[in-house]
Amino acid sequence: MSHRVAPTILADRRVPWLIALVFVVVGVEAVFSARYLHDEGVLTWYFASIVRQEPAAGFFFQKARPLLALAYAPISGAGFRAVAIAHVLVCATAIPAISAIARRLELPTPNVAPLVLLCSPLLLATAPGCHSNADAMAGLVFAMWLLVVRQRSLACGAVLGCLLLVRSEAAVFVIAIVVDRALRKDYRVAAGVALVPVLYALAGSLYHRDVLWVLHYPPTLAMPAPGLHWFTGTSVMDEMRGLGESLFALSPALFVAALARWRDMARTERAWALGLAAFLVAIRGFPIFGLFNFDTSPRYLLIGLPVVALLITRVVGDAYDGRAGGRPGLILVALATLLGIGLRGEVPQHPLLIGAGIAAVSLAFARAGRPSIALAAWSVPTLLMLPSAGSTTRLDPPMPTLDRIEVAWRDQLGETDAPIVTNARLLRPWLVHWELHDEDRRPVHFILQSNIALELDMLMHEEVGQRDAIFGALEHEFYGRPVDPKRLVPDAWPDGTIVLLWTDKHLDDTIDVPRWRERLDLIDADERFTLGRLAPVDAPRHGGEPR
Amino acid sequence: MSTSGWRPALAPAVVALLALGFAATELPTAGQKPSTDYLYKVKTPVGQYEYGPEARALLGGLAPGDKLASDWQVRALEGPLRDGRVRILIERDEASFVISVLPTGRSRLDPPAGTDKWDIFYGEFVPHAAELEVDEARPLLDAMVERVRANE
């Protein structure tokens, strides 16, 4: 097969910076439009606020992703938008860095990797959404850059060690990198990885007065909250049905990465590719067995993106060098196609089939000696699909419902001075976004549902005052002021209190929902929410139960 | 490029045709957002939706006020919902919970009871402290299995 010269744009050093600029513009626009406002993303800001207000209690509260919270703490006082914009900028640094890594690995088209990052629906959602998954992804790129470009093994290890305290799913890649370097007698990465958690644990033992505090107050519960017959993990079939959409959200071009040829890869790439394979199996396998409290959210996949981007860059470069993808890659794509065909039915499988299809088209042109068309075959559809790919991330807010609440709010509650009681985590951020929130006139009180309350109880150290300190901080910046358990009954609130109950499987375990509903003068409701005001006990009700 | 140069492209081209062809049949039609309903376990008060004749037939004419397993009383019913689910709100004294009857395999969880065609779940306890263990709920589940089996 003939060798083709790759277009210079694919190696031009200015291009990654241009891509980063586009990424920042798109990301900042999404911040201002609240396109990816999501409760887990807002939590990054709340955690940073806790560390700002209560440095010791917050920093040694593992649930708060302490190192990440510390990084954003200085700007957390400026509000969510400021943190989210900083977050977009942090994520943007990964774009030139991944190109530099590809260049150092002598891949002939190093600008393909930044393009893959730019085209990831998950990254485009989590960067403005402020999710820690994007920080972990950027952190992994930074660690790889330190290792490959700057050849600073210890510093790479230290960054990897930090990642372990930010997102536990990073562990698979950390292990892959540490083992690869150790096999080459480079133990400095391992030393760096151990350094950060050990220092953190030792420092924390002074605060907690407990040498084993890391184990006694872990970052998350190992298992879902007990006693819920409805929540015991997912089945293999359900996991398979949702798989295509999740992979598509990570990168619509993911299956192009599968075409990378083992024998053409550098040793480092092989280690990373094995890490990626192990990671994908683990992260989609955990929910099936209910392990480590992972669910099937696509965002957990995001940390795999850098390796996907580098493998796709390898595939494109090899195609220009006359080495198109081999049989194993084709078999994998064919199997994905058969899986997608077999699973059609209740859950649409077009994300899986499109992903496999564009990889197959790309492979066909690469094998026919048309590497530029092969590149266009996945990159053009990927770019064109981006505007409609947001829903695959499952991070876009439920707009019809929120819009409906906003309309009801403006129409019927605009001039109301009354406290708000809700379990809806997005309510306060949403009201703030629309400038409908006034904490003095209408303070938001947040019902800590049983699952959250249980987690906080288990993960905070009450005896050293951590619980009081953190709850004190939550009073100022959180989904709302946590409602005292004694006030989880409607009688504890004044008549006229605004109540928004969000349909949630844990709400029934927390409050007596029918008792609250019976007291409500209904304003609006659908299958996701009930909005009303507390009526006097004997007053005639308007609206009643939704039917 | 000669014709033989395209020969290695044949196999991936066939895979591409298959994948994209079937993908086209799966695409949501214009204006329709891809359904993510399966991701949500929406729980709303029973009785918000109609209790249709199909569901009534499946449950052997079960109606509000009927007794189940001696001391439990049916308070409200609804279904079949969009996912085929029929929901029955059952109460005793101040406590209540919901039994859901779903077409087999529709839920991602293992059902505590069921027939060949229907899975039966229970949950949504009010108050939460009234939660029943499977053994305690068994007479109710058995009664429901018996009804469904007789009419499925």
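The values are calculated or read from the model by the stated rules, or taken from the named source; none is laboratory data. Because the structure is a prediction, the values reported are computed rather than measured. Because the Cβ atoms are built from the backbone with ideal geometry, glycine has one as well, and the counts that use them run over all protein chains shown.
List of remarks:
- Of the helices (runs of 4 or more DSSP H) lying entirely inside segment A:431-522, those containing at least 1 residues that are in contact with a helix residue (DSSP H, G or I) (Cβ under 6 Å, 6 or more places away or on another chain) and away from every other protein chain (no Cβ under 14 Å) span A:450-459, A:466-474.
- For the residues A:Ile303, A:Ile354, the requirement of being within 11 Å of chain B (Cβ to nearest Cβ), modelled with pLDDT of 90 or more and farther than 26 Å from A:Trp502 by Cβ singles out A:Ile354.
- From the options A:Gly345, A:Gly326, residue that is at positive phi and either of a type outside the set (Gly, Ala, Ser) or out of contact with any Ser or Thr (no Cβ under 7 Å at 6 or more places or on another chain) (or both): A:Gly345
- Qualifying positions in segment A:320-348 - in contact (Cβ under 8 Å) with a residue 60 or more places away in the chain, assigned to a helix (DSSP H, G or I) and not aromatic (Phe, Trp, Tyr): A:Pro328, A:Gly329, A:Leu330, A:Leu332, A:Val333, A:Ala336, A:Leu339, A:Gly340
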